[in-house]
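Colleague: Input: one structure, supplied below.
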Amino acid sequence: TTKTGFIACFVQISVNSTKRFTGLYLCRVSNQPRNIRELSLAELEQFVEQSGEKKFRAQQIHEWLWKKQAMSFADMTNLSKVLRQQLGEQFSLPALQVETTQYSADGTIKSRFKTWDGHAIEGVLIPTDKRITACVSSQVGCSLTCKFCATGYMERKRNLQFDEIVDQVVLLNQQAERMLDKKITNIVFMGMGEPLLNYKQVLRAINTISSPDALGMSPRRITVSTAGVAKGIRQLADDRVRFKLALSLHAANDAKRNQIMPINDANNIKSLVDALNYFYQETGNEITFEYILFKDFNDGQRDADELVKLYRQVPADLVNIIEYNPIDKARFEKPDAVKVDQFMDYLSKNRVNARLRRSRGKDIDAACGQLANKG
């Protein structure tokens, strides 16, 4: 009975046409209307026709959802009030809301977004002279427990749905247009969460973002960063994705990487090298290594030499050397300028295409590894 919020379900499962498992289960019934953004154009056409409307209304609704990025049914002003009321009765439109916004002295803007069920995630707008980058999240929290990352000390609550990821891009782009009079040029999946542990929703979000029927951004301007899920990297290759891939490496041998990134236990460096080579073989897409320098841990000449050797095993375009950004729960420190210069010089002498990436937004906890819904 739905009065109690459950319905009785009789289930029978056959295995190899011989073994059968049967059972009576109580299944929870949700009162949440279906998210309209889950509907295809064909499903929207079916709905409007059943509602007695002309078929072209479906295209108008679709354009409001994806081209015009409507955040409510009330925004769909070229639809009749009756149709908008029917949409509100039949469907939900659980758009993200900006809860708070912080502004860094260097121009970086961090926003905390609130989901329909009360969770908080963070996204960052990073303007430079040449580009405006939106850094977006893929999960509420994270399950990987990387020792240097503030998000890693949070509990993973749930994966984000594809439209919640798209909403981050839309809202950050609106900020860029409003405050900088420019659109975002690049998107990086380097916010909260591990994108490849939310594989289907992340890919669906990217397909929407790059669709000419939606935001129309080139996938070549999108980078997905992973802490190292070898199986997911191979799946990206099989799916022939067109976006760039970044590996958060941070140590070039298993012993050290195991200490700071527990995911390395099941995804060691050899498995990642094999997966990255397969990814490049199947897609030809750009691969980047991300390497945070930690004082007296991975910043010595031997560490640099191991990084050089690893770089030569993978057709990586670039190694981003990143200065460490302190967080409350970790005791790491960043090396002094002399040590950083020595590390960079060694890479340069060994023909590694390396770039020192200066962190942005540290004063508002928006820099690499600092996102944690703080404050």
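The values are calculated or read from the model by the stated rules, or taken from the named source; none is laboratory data. Values in this document were obtained by computation on a predicted structure and should not be read as measured data. Methodologically, a virtual Cβ is constructed for each residue, glycine included, from the backbone with ideal geometry; neighbour enumeration extends over all protein chains shown. Side chains are part of the model used for accessible areas, which takes the heavy atoms of the whole protein and leaves out ligands, DNA and RNA. Shrake-Rupley method; radii C 1.70, N 1.55, O 1.52, S 1.80 Å.
Colleague: Taking the Cα centre of segment 284-338 as the origin, how large is its charge dipole in debye, to the nearest 20, when only Lys and Arg (+1) and Asp and Glu (-1) carry charge on their Cβ atoms?
Modeller: 140
Colleague: Cα axis of helix 199-210 to longest principal axis of the chain: angle in degrees, 0 to 90, nearest 10?
Modeller: So the helix axis and the longest Cα principal axis differ by about 80 degrees.
Colleague: For the chain, find the longest principal axis of its Cα atoms and tell me its angle to the long axis of helix 301-311, 0 to 90°, nearest 10.
Modeller: Tilt relative to the chain: about 50 degrees.
Colleague: While we're here: Pick out which of G361, G216, G152 has the largest mean-square fluctuation in a Gaussian network model of the chain, springs linking Cα atoms closer than 10 Å.
Modeller: Looking only at G361, G216, G152, the largest GNM fluctuation is found for G216.
Colleague: Per the helix-only calculation at 222 nm, which mean residue ellipticity applies to the chain, given -39500 (n - 2.57) for every DSSP H run of n ≥ 4 and division by its residues, nearest 500 deg cm²/dmol?
Modeller: Details: 10 runs with 117 residues, N = 375.
Mean residue ellipticity, 222 nm, calculated: -9500 deg cm²/dmol.
Colleague: May I ask what percent, to the nearest 5, of DSSP beta bridges between residues of the chain are antiparallel? Don't skip to the end; give the middle numbers.
Modeller: On the way: 28 of 54 bridges.
Close to 50 percent.
Colleague: If R₀ is 25 angstrom, what is the calculated FRET efficiency for the pair R357 and D317, using the beta carbon separation as r and rounding to 0.05? Intermediate results must be reported in sequence, preceding the final value.
Modeller: Details: r = 14 Å, r/R0 = 0.57.
For R357 and D317, the calculated efficiency is 0.95.
Colleague: Compute the Cα gyration tensor for segment 112-159, then decide on rounded, prolate or oblate, letting a ≥ b ≥ c be the square roots of its eigenvalues: rounded whenever a/c is under 1.5, prolate when a/b is larger than b/c in the other cases, and oblate in all that remain.
Modeller: Cα axes put segment 112-159 in the oblate bin.
Colleague: I need the shape label for segment 171-320. Rule: rounded when a/c is under 1.5, else prolate if a/b > b/c, else oblate, with a, b, c from the alpha carbon gyration tensor. Don't jump to the answer; show the numbers that get you there.
Modeller: Details: a/c = 2.12, a/b = 1.59, b/c = 1.33.
Verdict is prolate for segment 171-320.
Colleague: Over what distance in Å are the Cα centres of segment 125-143 and segment 247-289 separated?
Modeller: Segment 125-143 and segment 247-289 have Cα centres separated by 22 Å.
Colleague: Read through the labelled values (1) 22.8; (2) 22.1; (3) 21.4 and report the label of the one computed as Kirkwood radius over Cα pairs in Å from the structure.
Modeller: (1)
Colleague: If you fit an axis through the alpha-carbon atoms of helix 269-283 and take the longest principal axis of the Cα set of the chain, what angle between them do you get, 0 to 90°, nearest 10?
Modeller: Result, in degrees: 60.
Colleague: At a 1.4 Å probe radius, carbon and sulfur cover how many percent of the accessible area of the chain? Can you show the working numbers first?
Modeller: On the way: 8970 of 18950 Å².
The value for the chain is 47 percent carbon and sulfur by accessible area.
Colleague: Given charges of +1 on the Cβ of Lys and Arg and -1 on the Cβ of Asp and Glu, with all other atoms neutral, how large is the dipole of segment 102-147 about its Cα centre, in debye to the nearest 20? The partial results should precede the final answer.
Modeller: Working: 6 positive and 4 negative charges, 12 e Å.
Charge dipole of segment 102-147: 60 debye, to the nearest 20.
Colleague: Can you give me the three principal axis dimensions of segment 67-127 from its C-alpha atoms, in Å, biggest first?
Modeller: Principal-axis extents of segment 67-127 (Cα, largest first): 48, 25, 15 Å.
Colleague: Please compute the alpha carbon radius of gyration of segment 34-88, then divide it by the globular-protein estimate 2.2 N^0.38 Å. Two decimals is fine. The partial results should precede the final answer.
Modeller: Numbers: Rg = 9.9 Å, N = 55, 2.2 N^0.38 = 10.1 Å.
After normalising by residue count via 2.2 N^0.38 Å, the value is 0.99.
Colleague: Follow-up question, since we're still on this one. Using the heavy atoms of the protein chains alone and a 1.4 angstrom probe, what is the accessible area of the chain per residue in square angstrom? Could you put the intermediate results ahead of the total?
Modeller: Working: 18950 Å² over 375 residues.
Here the residues of the chain average 51 Å² of exposed surface.
Colleague: Rank by packing, highest mean first: peptides 263-270, 194-201, with packing defined as the count of other Cβ atoms within 10 Å averaged across residues. Kindly include the intermediate steps, with their values, before the conclusion.
Modeller: On the way: 263-270: 16.8, 194-201: 20.8.
Highest-to-lowest ranking by the protection proxy: 194-201, 263-270.
Colleague: Shifting gears a bit: Only bridges with both residues in segment 118-229 count here: give the DSSP antiparallel percent, nearest 5. Show your work: numbers first, answer last.
Modeller: Values: 6 of 12 bridges.
The answer is about 50 percent antiparallel.
Colleague: Running a GNM on the chain with Cα contacts under 10 Å, which residue among I260, I165, I187 ends up with the highest mean-square fluctuation?
Modeller: Maximum fluctuation in the GNM of the chain, among the listed residues, is at I260.
Colleague: Please list the radius of gyration and Dmax for segment 150-230, considering alpha-carbon atoms only, with Å as the unit.
Modeller: 13.3, 40
Colleague: What does the C-alpha gyration tensor say about the overall shape of segment 21-176? Classify as rounded when a/c is under 1.5, otherwise prolate if a/b is larger than b/c, or oblate.
Modeller: Values: a/c = 2.74, a/b = 1.34, b/c = 2.04.
Because a/c hits 1.5 or more and a/b fails to exceed b/c, segment 21-176 counts as oblate.
Colleague: If you place +1 on the Cβ of every Lys and Arg, -1 on the Cβ of every Asp and Glu, and leave all else neutral, what size is the dipole of the chain about its Cα centre, to the nearest 20 Debye?
Modeller: Details: 53 positive and 43 negative charges, 80 e Å.
Using Cβ point charges on Lys, Arg, Asp and Glu, the chain gives about 380 debye.
Colleague: Can you tell me the mean projection area, over all orientations, of the convex hull of segment 289-367's alpha carbons? Units nm², please. Before the final figure, lay out each step's value.
Modeller: Values: hull surface 21.8 nm².
If I average the Cα hull's projected area over directions, I get 5.5 nm².
Colleague: Enter the Cα centre distance for the pair segment 338-361 and segment 48-96, rounded to the nearest angstrom.
Modeller: Taking the Cα centre of segment 48-96 as reference, the centre of segment 338-361 is 52 Å away.
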